Amino acid sequence: MLLKFLHSIFIIIFLCNNYIEAKELITWKEFKDSLTANQYPEPTVEKYETVLRLAKDFDITSKLELAMFLAQVYWESVGLQHTKEIACVKTQCPNNYRTGREKDGLYYYGRGYIQLTWLENYANCSSDLYGDMRLVDNPNLVSDTEEGAWGSAFWYWDKYVHDIPEIKDGQFGHTTMAINGPLECKGPYKMKAFKRFVIYSKIYEIFKLSKPLPKQNGCYPMNYNENVDEDTPFFAICKPTGFYQRQAGMYHWCNDNCNAEDPNCPNDMCKCPNDLHLYHMMMKEKKSAKTSTTTMKP
């Protein structure tokens, strides 16, 4: 009888645990694979559990938005490996992010998984999360604890990104615009913005969000492809995640980096013409000619 009772208890616990896991936004495997697929180390279970809890707290209810959030976090933290701005670790960047209102010896360079910067952001984040100024008085709380690193990242996303209308439509570029738009979308570092999208593309597939394809709209110019209809027969230009991308940005980035042996770009990218639009028109003409020939056959 005792064995039957214990067996019944085990079954109930097993079913409950599986029910709870089924209700989670993403599984442990999806979270782990989203990092390793981007050549980052495996995360800890603590990180996974913190993500699930804070995603609920900050009202992230779709896998699509969580995929975008994680892509940005992975880029900013080099796959959750850094919680301090790398260039400031040794020097603390005493001349950067200064407003004249900082206390002596306190520096508000990038910390946390999304690189919280500036005194004002530390103050607002601290007030919203804790109701006091602890992050202003001790900014290392943002970088030295999982709660601070994740909490500041979710806070920043909630304040500056979450409510952007295009997010619900999956336009990833708008998230980059909100996080580092002046430098990467409008400035000289568009390559970095595109690399964020490559990370997102891999997470997108792992989360099984491959229909429709991920959209990079909202940051850098899309080169004839900004408003293209999904059915437009653009030539398949790169395969970063196992399914073909049709965005012009991917083509131009691969074409400029053929000698870098980047795993995201197949070798035949080097054979493509310099202008995707002209190549696309050439392909359309070939397709049209082939169709005409087929139609004329008796």
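Read-outs throughout are calculated quantities, based only on the coordinates presented, and are distinct from any laboratory measurement. If you're wondering where the values come from, they're calculated on a predicted model, not measured in any experiment. As a convention, Cβ positions derive from the backbone with ideal geometry for all residues, glycine included, and neighbour counts pool all protein chains shown.
Among 30-36, 148-154, how do they line up from the highest to the lowest mean number of other beta-carbon atoms within 10 Å?
Highest to lowest by the protection proxy: 148-154, 30-36.
For ASP128 and ALA37 in the same chain, what is the full-extension length gain: residue separation times 0.36 nm, less their Cα-Cα distance, in nm? Walk me through the numbers on the way to the answer.
Details: separation 91, 0.36 × 91 = 32.76 nm, distance 3.40 nm.
Residue separation times 0.36 nm, minus the Cα-Cα distance, leaves 29.4 nm.
Please list, ordered by chain and number, the residues whose modelled amide H lies under 5 Å from the amide H of LYS215; skip anything fewer than 5 residues away on the same chain.
For LYS215, the qualifying residues are PHE172.
If you build the convex hull over the alpha carbons only and average its shadow over all orientations, what do you get for region 122-176? Give it in nm² to one decimal.
Values: hull surface 16.1 nm².
Seen from a random direction, the Cα hull of region 122-176 projects 4.0 nm² on average.
Under a Cβ-only charge scheme (Lys and Arg +1, Asp and Glu -1), can you give me the dipole magnitude of region 13-220 about the Cα centre, in debye to the nearest 20? Display every interim value, and only then the final one.
On the way: 25 positive and 27 negative charges, 153 e Å.
Dipole size: approximately 740 debye.
If I model a spin label at ARG98 and ILE86 as a point 7 Å from the Cα along the Cα→Cβ vector, what separation in nanometres do I get?
2.6 nm
Using a 10 Å cut-off on Cβ atoms, rank the peptides 132-139, 172-179 from the highest mean neighbour count down. Kindly include the intermediate steps, with their values, before the conclusion.
Values: 132-139: 16.9, 172-179: 24.2.
Put in order of decreasing packing, that is 172-179, 132-139.
If N is the number of residues in region 82-209, what value comes out of its Cα radius of gyration divided by 2.2 N^0.38 Å? Don't skip to the end; give the middle numbers.
Working: Rg = 15.6 Å, N = 128, 2.2 N^0.38 = 13.9 Å.
Compactness ratio reported: 1.12.
Normalized C-alpha radius of gyration of region 20-170, against 2.2 N^0.38 Å? Don't jump to the answer; show the numbers that get you there.
Values: Rg = 15.7 Å, N = 151, 2.2 N^0.38 = 14.8 Å.
It is 1.06.
Test of the criteria: in region 41-117, which trypsin sites (Lys or Arg not before Pro) are in a DSSP loop and have at most 11 other Cβ atoms within 10 angstrom of their Cβ?
Here the sparse-neighbourhood loop sites are LYS90, ARG101, LYS103.
Could you pull out the GluC sites (Glu not before Pro) across region 100-203 that fall in loop regions by DSSP (anything but H, G, I, E, B) with no more than 16 other Cβ atoms inside 10 Å?
Working: sites: GLU102, GLU120, GLU146, GLU147, GLU166, GLU184; in loops: GLU102.
In loop regions of region 100-203 (DSSP not H, G, I, E or B), there are no sparsely surrounded GluC sites (Glu not before Pro).
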